[in-house]
Structure formats: C-alpha cells, structure tokens
Amino acid sequence: MSTLLASFEDQSQQVHIELWEENHPVKPHHHDDAVTPERKEAVVIGGGARCWFEGPSTPWGSLLTASYPRTGLDAWLASSKDHSHSEPHGLTVWCLSLSIDGMTSGDLNDGTNIIVRRAESAKTNHPKISVSLSDEERENYVLISGGAHVKWSSNEPGNLLTASYPSSSHTWTARSKDHGIPSPAVLESYLVALRHELPIRSQQKYVLVDFESEESYPAKNHPTQTTKMLPDFALTGGGAVAHWGSNGNMLWRLEPGADSFTAASKDHDLPDPCTITTYSVGIRLV
C-alpha cells in the first residue's frame, strides 16, 4: 500500500518534495526491484529502503543489494536478500519526488534539466565503482542524489551493499562484497544531477546544494546514524558507507526522512564491529 508520509519545501517555497512509502510483504528469500508508487506528476530523484527482520522469528537479518532510480525517474527501486540462513522478510521502499513551481514534470524531466549518469564495475568479489559528472557537466549541473545496484545471480550466494554515498560534490560511489562464500558480482553506481540554473517564469533561478555527513561512534556490530539537513534546504537524497574492517558489515537500512537521512548496517555470522557514515543531500533555490 502506498502512503504519502511527508511534504516539505525549501526556503524559497518553490521546491516541493514528497516522501512516499511502499511496504512489500514478507517473501521467503529475496526481493528483486521492489518499487515505490509511480509519480507521473513529479520527478523521482531520491529514495531508500529498509529490510524488516526484527524479532525472534528473524534472528539473522536480511541485507540490501540495491537502492536506485528507475529509468524514466518515475519510481525508486530496491532489492534485498537473506544470506547463508533462510530469513523471510519484508521490505519498505521510499521515494523522494521533486516538483518546482513554474516548471512542469515534463520540463524538469526533459533530459536536460535533470540528468542521470551510471557506471558499472568489473565482476569481482568486492566491487567498487564511482560515477562522476564530466568537467563540462560540472559547469552546469549539481549532484542531488544517487544510488547503487548489485547485479548478482539468484543461483549464486550473493553480493551485498556496504556503501552508496556522495564521495564528493560531483561523484557517487558504491561498494559491495560477498560474505563468507565467494560470489563475485557486477556493481552499478547511479548519479542524479540537476541543472544549477533553471529558467522559471522568465527568471533564472540558481540551485544551491547542501551536503551533510556524520559518523557513528563507537564501533558497533549493528551501527546506525542519522544526519540532518541544514535548515532552509529540502532533502533530495542520501546514502551511507559502512567502514568495515575484517569480515564485513553490510547495509540493511537507507531511510529518508522529512529533514534527515538514517542508515544502518550489521555484521552477519562473523563479528566485525564498525562505524557508519550517513550522508544527506538537499537543495534550495535563490
């Protein structure tokens, strides 16, 4: 069932964001490309997902393998899986949809005002891949969100997300790993960018971007961290990186809120306490 959780604006009151939620019921082993509600009257520029495994009936936990924009920017996709142990679980997927006064969704999503860039890694046990705006694009666009997608095969043990985050103001980085059992995979990283000068009602409006990050302390087996936006900015995306050291600590929660982004990770079977850094990205017009 689709639910509108929140609507919020930037300081100019011209940027409007809606936060939508879709709950997917319990499935035996994994969710593949679970989708949020389609947003035809706005543009989906960010999102996230959370595995539901709390309680004695789900002791091991399930983990994320994807959180990324659907082609056409009309929905957000997420995937998850259990690992080594059978773990039926539900999956909640969120999307952040953008509208701007004086522009239709067609204006925004015309292929020039909002662009999506994607990069793909080689197939390896611990893939890492970054996607960046080109030098020319950096003169005209600002990064506002991003995502990641592990391309693992259902007949293999699987490969799990450990990071999906803005590693710079123009780069989105993704990381994943196999765990306990060799299972190389291909990893995709996605970047969503908005033109920093927008023609609105015969005026040029400029897009300012705020990047916030905060790391959890001390190291824990199941770290979590919430990072808030600066006031006056509207949240457009977020991400996280688990700073695992030896065995691995993987993401199970990437959750946008009205003014913040929350992320969590966990070790699995093999102990590996770590910290996690959570990022929030937001915009305002001037």
Which GluC sites (Glu not before Pro) in the stretch 1-54 pass both tests, a DSSP loop state and at most 12 other beta-carbon atoms within 10 Å?
E41, E54
Measure up K123/K177; K40/K228; K27/K81; K40/K205 against 19 Å on the Cα-Cα distance and list the ones that go over.
K40/K228; K40/K205
Averaged across orientations, what area in nm² does the convex hull of the alpha carbons in the chain project?
13.9
For the T104, A258 Cβ pair and Förster radius 41 Å, calculated FRET efficiency rounded to 0.05 is 0.95
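At 222 nm, what helix-only mean residue ellipticity would the chain give, in deg cm²/dmol to the nearest 500, using -39500 (n - 2.57) for each DSSP H run of four or more?
Working: 2 runs with 8 residues, N = 286.
That calculation yields -500 deg cm²/dmol at 222 nm.
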Compute the distance in nm between two label points, each set 7 Å from the Cα along the Cα-to-Cβ direction, one at N221 and one at Q204.
5.7
If I model a spin label as a point 7 Å beyond the Cα along the Cα-Cβ vector, how far apart are those points for V35 and T112 in nm?
2.9
Using alpha-carbon positions, what is the distance between the centroids of the stretch 1-41 and the stretch 232-286, in Å?
18
Of the options T162, I200, S183, report the single residue whose Cα projects farthest towards the positive end of the charge dipole of the stretch 158-216 (beta-carbon charges: Lys, Arg +1; Asp, Glu -1).
I200
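On a full-extension model of 0.36 nm per residue, what is the gain between E214 and S154, subtracting their alpha-carbon distance, rounded to one decimal in nm? Intermediate values should be presented prior to the final figure.
On the way: separation 60, 0.36 × 60 = 21.60 nm, distance 3.46 nm.
Going from the current span to full extension adds 18.1 nm.
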Sketch the reach of a paramagnetic label on S7 as a point 7 Å from Cα along Cα-to-Cβ, and name the residues of the stretch 21-49 whose backbone nitrogen lies under 14 Å away.
41-42
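Laboratory data are not the source of any read-out in this text; all were calculated from the coordinates shown. Given the structure is predicted, the values throughout are model-derived calculations rather than measurements. As a convention, Cβ positions derive from the backbone with ideal geometry for all residues, glycine included, and neighbour counts pool all protein chains shown.
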